[in-house]
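First up is the structure itself, then whatever we jot down about it.
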Amino acid sequence: MASYEPILLRNRGVEGSRTLKVYESRGGYQAVRKALKMTPEAVVEEVKKANLRGRGGAGFPAGMKWSFLPKDRKVTYLCVNGDESEPPTFSNRVLMEHDPHQLIEGVIIAAYAVQAQVAYIYLRVEFHEPFHILQRAVDEAYAKGYLGRKVFGSDFSVDVYVHRGAGAYVCGEETGLIESLEGKRGWPRIKPPFPAIEGLFRKPTIVNNVETLCNVPHIIERGASWFTGVGPSHSTGPKLFCVSGPVKRPGCYEWSMDITVKELIEDPRFGGGMRDGKKVKCVLPGGISMGALSASELHMKMDFEDPRKFGLLGLGTAAAVVLDESIDIRIVLRNLARFYAMESCGQCTQCREGTSWMHKIAERIARGAGRLEDLDLILQTARNMGMMPGLSICGLPDGATYPIETVVKKFRGELEERIRAQFPEKTEVSLAVVG
Ligand SMILES: Cc1cc2nc3c(=O)[nH]c(=O)nc-3n(C[C@H](O)[C@H](O)[C@H](O)COP(=O)(O)O)c2cc1C
Ligand code: SF4
């Protein structure tokens, strides 16, 4: 693998990296000064040219999203999605904890580009540390005149608030997040209208992920052509990858998007290989919602295009969960199904009932009471819900379908074998005691 210069994580491990003083001494807040001398349209154009695709899961181009805002709008909001609700994703947390001013600089530039008067940084309720770190950084930026009225002595003003939700997976979905910010139950809204037209408080709103916005200062400072030179042409720019599970070095790493899942697991600069000489059985490479890879598919590239070739929904949050050969695949199936059944907000019948049926079937299989026909039944249930067939308000059921479908299809042999053998998973006794 070629070498790579860390950009997003360049300040991680530097003493005092959370302070404005250290951030600025390492070149921080230069990009925003440059951006404020450009027109907002020129900033949007530069981000478009960079082809910065959203890092929150869907990979939608940020510059294009920004240009969907109505031209005649008076009020605009920017919402920063720091809910990071996708299991086992923690890259946003690393960015906020180690380099909060990088995010704040990205927020100011994005707010200027879309002419937002107010930006909300929305965090999941469990993010106590990031909340306090970010709040301290926001206070520092206000004290220096980098936030508030006429930032950096320009004519542009923006207020930034750090807000914590009450904790639900759907609060990471952009319209669920908006409802939650408005103080309501975090129920996703029917789209259209999309937030760019009618979002927070029914005003034009841009929602972007933390990592997406952390890339923006670097695009402005180094230029779009630098950004498009990092990684493949369809998946440009620096990217964070999480690795968890029984690898020697679980963690959050930065590289370009030409890295493969195998390199992420085995390279000594990343996962460093499997612990105790165990073999990989299965990897969920994009958070859990994108689907599963078998051990023969680890050559998949962690970019925005390759995952589709392996039957996955997309790159997702680029957080790989590695499962080793000792794992009973029935438990994987059951745990995945249980997560979506618990997190479905219940507004849409297909999602509410479908996730719950999938959970019941997976639970039955895990308890050793499954039937062979359950495998087709669970596949049929998975296919009949979601935004893709046009039956739901948000993408949660699509995110539920892919892991279930790929686990059943790619590990069918083992599932059938275990169903035939009809022996319960080892944890059943303790579960029965708890339940
Ligand atoms: C159920 C569900 C949960 C989501 N959770 C998150 C999340 O925690 N963080 C995030 O940035 N995007 C999440 N998204 C995607 C957001 O709806 C939205 O696409 C994203 O915040 C846009 O930012 P980006 O364009 O910068 O990626 C979720 C989507 C769904 C359907
Ligand atoms: S699809 Fe599911 S999670 Fe999304 S709004 Fe409908 S019921 Fe809620």
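Based on DSSP, what percent of beta bridges with both residues in the chain are antiparallel, to the nearest 5?
Rounded to the nearest five, the antiparallel share is 40 percent.
When you take every Cα atom in the chain, what is the radius of gyration, and what is Dmax, the widest Cα pair distance, in Å?
Expressed in Å, the Cα Rg and Dmax of the chain come to 22.1, 73.
When the dipole is taken about the Cα centre of segment 239-324, and only Lys, Arg (+1) and Asp, Glu (-1) are charged at their Cβ, what size is it in debye, to the nearest 20?
240
Between segment 9-67 and segment 153-196, how far is it from one alpha carbon centroid to the other, in angstrom?
Value for the Cα centre distance between the two parts: 21 Å.
At 0.36 nm per residue, minus the direct Cα-Cα distance, what do residue 159 and residue 369 gain on full extension? Give it in nm, one decimal, please.
69.9 nm
Which of the aspartates and glutamates could a cross-linker span from residue 21 if the Cα-Cα distance has to be under 14 Å and same-chain partners fewer than 8 positions apart are dropped?
99, 105, 139, 140
My understanding is that a pair violates if its Cα-Cα distance is over 31 Å; which of 65/301; 360/410; 48/74; 37/191 do that in this structure?
Long pairs (Cα-Cα over 31 Å): 37/191.
At 7 Å along Cα-to-Cβ for each site, give me the label-to-label distance between residue 391 and residue 58 in nm.
Rounded to a tenth, the inter-label distance reads 2.1 nm.
Which FRET efficiency value, to the nearest 0.05, do you get for residue 248 and residue 416 by plugging their Cβ-Cβ distance into 1/(1 + (r/R0)^6) with R0 = 35 Å?
0.60
Please find, in a Gaussian network model of the chain (springs between Cα atoms separated by less than 10 Å), the residue of 309, 281, 409 whose mean-square fluctuation is greatest.
309
Quote the charge dipole size of segment 183-250 about the Cα centre in Debye, to the nearest 20; the model charges only the Cβ of Lys and Arg (+1) and of Asp and Glu (-1).
The calculation lands at about 380 debye.
Which loop-located GluC sites (Glu not before Pro) does segment 9-91 contain, where loop means any DSSP state but H, G, I, E or B and the Cβ has at most 13 other Cβ atoms within 10 Å?
15
With only Lys, Arg, Asp and Glu charged, each at its Cβ (+1 for the first two, -1 for the last two), find how big the charge dipole of the chain is about the Cα centre; round to the nearest 20 debye.
Computed about the Cα centre, the dipole is about 400 debye.
Which aspartates and glutamates, if any, have their Cα less than 12 Å from the Cα of residue 279, not counting same-chain residues under 8 positions apart?
Here the aspartates and glutamates satisfying the reach criterion relative to residue 279 are 266, 324, 325.
Nearest 500 deg cm²/dmol is fine: what mean residue ellipticity at 222 nm does the chain get from its DSSP H runs of n ≥ 4 alone, each adding -39,500 (n - 2.57), divided by its residue count?
Taken over the chain, the calculation gives -12000 deg cm²/dmol.
Amide H of residue 207 versus every other amide H placed in the peptide plane: which residues, excluding those fewer than 5 positions away on the same chain, fall under 5 Å?
Correct list: 79.
May I ask you to compute the full-extension gain from residue 75 to residue 12, defined as 0.36 nm times their residue separation minus their alpha-carbon distance, rounded to one decimal in nm?
Between residue 75 and residue 12, full extension yields an extra 19.1 nm.
Readers should treat all values here as calculations from the given coordinates under stated rules, not as data from a laboratory. From a predicted model like this one, the values you see are computed outputs, not experimental measurements. All Cβ positions, glycine included, derive from the backbone under ideal geometry; neighbour counts span all protein chains shown.
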